[in-house]
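Each remark here refers to the structure printed beneath this line.
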Amino acid sequence: MNKKILVIGGSGFVGSLLLKNLTDCNVSNLDKRPSPFFNKITEIGNVLDKEKLKISLKNVETVVLLAAEHKDNVSPVSLYYDVNVNGTKNVLDAMDFNGVKNLIFTSSVAVYGLNKKCPNEFSDPDPFNHYGQSKFKAENLIKEWYNNNINDKSVTIVRPTVIFGERNRGNVFNLLAQIKSGRFLMIGKGKNKKSMAYVENVVAFIKDRLLTRKIVLETYNYIDKPDFTMNELTLLVQKIVGVNIIGIKIPYIIGLVFGYAFDLLAFILKRKLPISSVRVKKFCATTQFDAKKVSKIFKPPFSLEKGLERTLNYEFKNTKNKDVLFYSE
């Protein structure tokens with residue numbers, strides 16, 4: 001691949017691994033933060049800076065847009081729309097300015113909402129939070145852009161489920177760490193199913209789409225199957241790390257009350273706390289999504305169980321990794 005690829009938002013968890021996998025390509029990175037590994041090909045910039053985007057997209061053939069505000073507790077909530085919606089609009093305008101016609105955009109299964117019955121790419125979106133709403137609005141902007149003078153345009157929208165992997169310190173890591181510690185409390189009955197995606201597989205799929213450019217707009221859910229229930233996931237993690245935990249469960253309503261109490265405490269203290277009502281709702285929700293479309297065109301390099309094993313071994317069994325950089329997103 002000799003044509004230039006610009007990754008926007010490549011200094012984070014997914015982006016860093018993507019850049020690593022594209023070292024054989026003509027690739028550069030634009031991010032508001034320095035890259036922990038690839039500063040030689042990284043330029044500091046922001047999706048809110050229209051003029052910077054116009055300059056950075058010069059001589060680019062393909063844009064991979066990863067940049068987003070996505071944490072549960074972003075404040076003010078207007079940032080979701082400033083970055084995820086207006087930032088996407090700025091990127092599309094800069095692409096038009098430079099004649100760039102190829103885009104890979106990472107959206108999210110959050111556009112479907114919670115407790116849906118295994119939605120596929122044709123299911124009606126019903127986002128329950130600002131992140132999901134902003135991503136859905138961004139998708140609509142991209143579809144409008146694509147349909148306006150379609151000539152030679154290629155767009156891939158990837159809707160990954162929750163992504164986990166080595167060095168990430170997000171919600172999945174916190175869950176794995178609690179199970180590993182033996183101090184894990186299950187909220188609810190644990191029968192709700194959770195779709196998950198291993199970061200190596202997500203990056204491999206993005207690279208596959210880069211190598212398989214088609215003049216079309218396609219949307220893909222990305223999930224590594226099978227979907228485990230919370231009970232099954234807990235047992236699998238215990239097996240891999242060799243621990244046994246006491247199977248204490250607390251009713252959902254009690255967990256939700258605690259979540260609201262932490263919301264109030266966070267408001268009083270003006271601090272972001274690790275527990276919130278949103279996180280309790282997400283933990284107890286069924287987040288299961290259809291991935292038949294992607295499975296027809298792509299074989300992931302790792303099984304979901306192998307991805308969990310690699311992550312757990314890296315994080316909890318290899319003491320050499322204690323001081324290695326991690327991502328809090």
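Could you order peptides 177-187, 262-272, 83-93 by the average number of other Cβ atoms within 10 Å of their residues, highest first?
Ranking the peptides 177-187, 262-272, 83-93 by packing returns 83-93, 177-187, 262-272.
For labels at residue 37 and residue 78 in the simple 7 Å Cα→Cβ model, what's the distance in nm?
My value for the distance between the label points is 3.7 nm.
Taking a virtual spin label 7 Å from the Cα of residue 152 along the C-beta vector, which residues in segment 80-101 bring their backbone nitrogen under 14 Å of it?
Hits in segment 80-101 for residue 152 at 14 Å: 96-101.
Report, largest value first, the span of the C-alpha coordinates of segment 64-209 along each principal axis, in whole Å.
56, 30, 30
Among the lysines in segment 81-171, how many pairs, 8 or more places apart or on different chains, have alpha carbons under 17 Å apart?
9
With Cα Rg over 2.2 N^0.38 Å as the read-out, I listed [x] 0.95; [y] 1.08; [z] 1.00; which label goes with the value calculated from this structure?
Step by step, Cα Rg over 2.2 N^0.38 Å for this structure corresponds to label [z].
Under the 0.36 nm per residue contour assumption, what length would be gained going from the current alpha-carbon distance of residue 71 and residue 44 to full extension?
7.6 nm
Rounded if a/c is under 1.5, else prolate if a/b is larger than b/c, else oblate: which is segment 1-110, with a ≥ b ≥ c the root eigenvalues of its Cα gyration tensor?
oblate
Just to be sure I understand the model, the point goes 7 Å from the Cα along the line to the Cβ. What's the resulting residue 229 to residue 122 distance in nm?
Placing both labels 7 Å beyond Cα along the Cβ direction yields 3.1 nm.
In nm, to one decimal, how far is the modelled label at residue 189 from the one at residue 169, with both set 7 Å along Cα→Cβ?
3.7
Please state the equivalent ellipsoid semi-axes for segment 101-157: what are the square roots of 5 times the Cα gyration tensor eigenvalues, largest first, in whole Å?
Each semi-axis is √(5λ); the values are 24, 11, 9 Å.
At a Förster distance of 51 Å, what's the computed FRET efficiency of residue 261 paired with residue 51, Cβ-Cβ distance as r, to 0.05?
Plugging the Cβ-Cβ distance into 1/(1 + (r/R0)^6) gives 0.65.
Cross-link partners among aspartates and glutamates for residue 52, C-alpha distance below 13 Å, same-chain residues fewer than 8 apart left out?
31, 43, 93
Cβ under 15 Å from residue 19's Cβ, residue 19 left aside: what net charge do those residues give with Lys, Arg +1 and Asp, Glu -1?
Here the count lands on +2.
Divide, for segment 227-314, the radius of gyration over alpha carbons by 2.2 N^0.38 Å, where N is the residue count.
1.43
Quick note: the coordinates plus some simple rules give every number you see, no bench work behind them. What you are looking at is a predicted structure, and each value in this text was computed from that prediction instead of being measured. Ideal geometry is used to build each Cβ from the backbone, glycine not excepted, and the neighbour counts take in all protein chains shown.
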